[in-house]
Amino acid sequence: MDKQTAIAKLAESDEDKILLARVYDRMTAAEQRCIPAASCFLTAREQVLVQRLLPHLPLHFFGGCDGAERAVCCYVPEYLEPADWFHSEDGPICAVRATFYEKDEVTHRDVLGALMGSGIKRETVGDLYVQPGRCDFLVTREILPYVMQNLTSAGRTKLHLTELALDALEPPVQAVREIRDTVSTLRLDAVVSSGFGLSRGKASACIESGKASLNALPCTKPDRTVSEGDVISVRGLGKLELAQVLGTTKKGRTGILIRRYV
């Protein structure tokens, strides 16, 4: 399948087409030249689209630390160890720590807004981890000097920036609630109903209205089968994972273990 046809099958908007074409060109050129290369930061959905676009390439997705939602897509030739390149001085992304007066209530939105207000594009910024008195965030290596020079405050709060080794990143621990339940079927609406405490009808309505995604891609079919390890997000409700299918009860229902992120 040629490039344009492959992109047309996957893209849902003109923005998708532009992004996928850029990533396609960069990754295939890197393979031909046998050099490492990285894309801009991609959302979870965009990462899935890129994987489907370039299934023949050994791509890596790196966001700075385990569990990162936004990540750059990388092509790493065989003569390099991916982890070594990611953490080298030539690696694709950098970590920055912004410190501020601990009693100031600085939010994720405040820091992201300050970055965008400084003329920095969202695609060059990865995840942001806000904690009392500091915010660690990821940027592409190319814009690091600009960020260090131009990001001086978030609203009225002064920021003091230092470059941070990727190994020193300390993302907040994600709180997880475990839910054990039984369902009549492993349909998407049944798992959403169980995980978010909704009636089956309301769960189906949420899915049909376009609020749900399955493994980062939109899904409007309540009867879609869900498998162990699948991640479900519902706009306005949150995110959960079908962590384990526990087997069938005597009444023919299926036991499940859900991890809901809170």
Reachable lysines, given that their alpha-carbon falls under 26 Å from the alpha-carbon of Lys251 and they are not under 8 places away in the same chain:
Lys202
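Which loop-located trypsin sites (Lys or Arg not before Pro) does segment 62-104 contain, where loop means any DSSP state but H, G, I, E or B and the Cβ has at most 11 other Cβ atoms within 10 Å? Walk me through the intermediate numbers first.
Details: sites: Arg70, Arg97, Lys103; in loops: Arg70, Lys103.
Counting only loop positions with at most 11 other Cβ atoms within 10 Å, the trypsin sites (Lys or Arg not before Pro) in segment 62-104 are Lys103.
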Normalised per residue, the volume of the convex hull around the Cα set of segment 204-247 (Å³)
73
Compute the accessible area per residue over the chain, keeping the other protein chains in place, probe 1.4 Å, unit Å².
55
Between Leu166 and Arg33, take the C-beta separation as r, use R0 = 22 Å, and let me know the FRET efficiency to the nearest 0.05.
0.30
Part-to-part distance (alpha-carbon centres) for segment 133-179 and segment 10-66, which is given in Å:
24
Restricting the count to DSSP beta bridges whose residues both fall in segment 85-218, what percent are antiparallel, rounded to a multiple of 5?
100
Compactness of the chain - radius of gyration and Dmax, Cα, Å
20.8, 65
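Counting other Cβ atoms within 10 Å, which trypsin sites (Lys or Arg not before Pro) in segment 104-138 have at most 14 and lie in a DSSP loop?
Details: sites: Arg109, Lys121, Arg122, Arg134; in loops: Lys121.
Those that pass, being in a loop and sparsely packed, are Lys121.
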Using 7 Å Cα-to-Cβ label points, what is the Thr157/Lys202 separation (nm, one decimal)?
3.4
Going from most exposed to least, what order do His87, His160 have by accessible area with a 1.4 Å probe?
His160, His87
Gain in span if fully extended, Gln4 to Met116, counting 0.36 nm per residue against the direct Cα distance
37.2 nm
Between rounded, prolate and oblate, where does segment 34-98 land on the alpha carbon gyration tensor, with a ≥ b ≥ c its root eigenvalues, rounded for a/c under 1.5, else prolate if a/b exceeds b/c?
oblate
log₁₀ I(q)/I(0) of segment 17-134 at q = 0.10, 0.13, 0.17, 0.21 Å⁻¹, via Debye over equal Cα point scatterers, no solvent, to two decimals?
-0.35, -0.57, -0.89, -1.20
What figure, in Å² to the nearest 10, do you get for the accessible area of Glu46 with a 1.4 Å probe and non-protein molecules left out?
40
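Compute the signed sum of charges (Lys and Arg +1, Asp and Glu -1) over the other residues within less than 14 Å, Cβ to Cβ, of Leu53. Mind showing how you got there, number by number?
On the way: positive: Lys3, Lys9, Lys17, Arg22, Arg26, Arg45, Arg52; negative: Asp2, Glu12, Asp16, Asp25, Glu31, Glu46.
Once all neighbours under 14 Å are counted, the net charge is +1.
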With labels modelled as points extended 7 Å from the Cα through the Cβ direction, what inter-label distance (nm, one decimal) is found for Asp84 paired with Glu15?
3.9
Nearest-ten-degree value, helix 14-33 long axis tilted from longest Cα axis of the chain
60
Mean residue ellipticity at 222 nm from the helices of the chain, using -39,500 (n - 2.57) per DSSP H segment of n ≥ 4 over the full residue count, to the nearest 500 deg cm²/dmol?
-8500 deg cm²/dmol
Which residue fluctuates the most in the chain, going by a Gaussian network model with Cα springs under 10 Å, if the choices are Pro171, Pro222, Pro36?
Pro222
Loop sites in segment 13-98: chymotrypsin sites (Phe, Trp or Tyr not before Pro), DSSP, at most 13 other Cβ within 10 Å
Tyr79
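In what order, largest first, do Ile256, Ile18, Ile179 sit by accessible area if the probe radius is 1.4 Å? Please list the in-between numbers first.
Numbers: Ile256 0, Ile18 105, Ile179 25 Å².
Per-residue accessible area, sorted high to low, gives Ile18, Ile179, Ile256.
The values are calculated or read from the model by the stated rules, or taken from the named source; none is laboratory data. What you see is a predicted model, and the numbers here were worked out from it, not measured in a lab. When we count neighbours, we look across all protein chains shown, and the Cβ atoms used for this are built from the backbone with ideal geometry, even at glycine. The accessibility values were calculated without ligands, DNA or RNA, using every heavy atom of the protein model including side chains. Shrake-Rupley method; radii C 1.70, N 1.55, O 1.52, S 1.80 Å.
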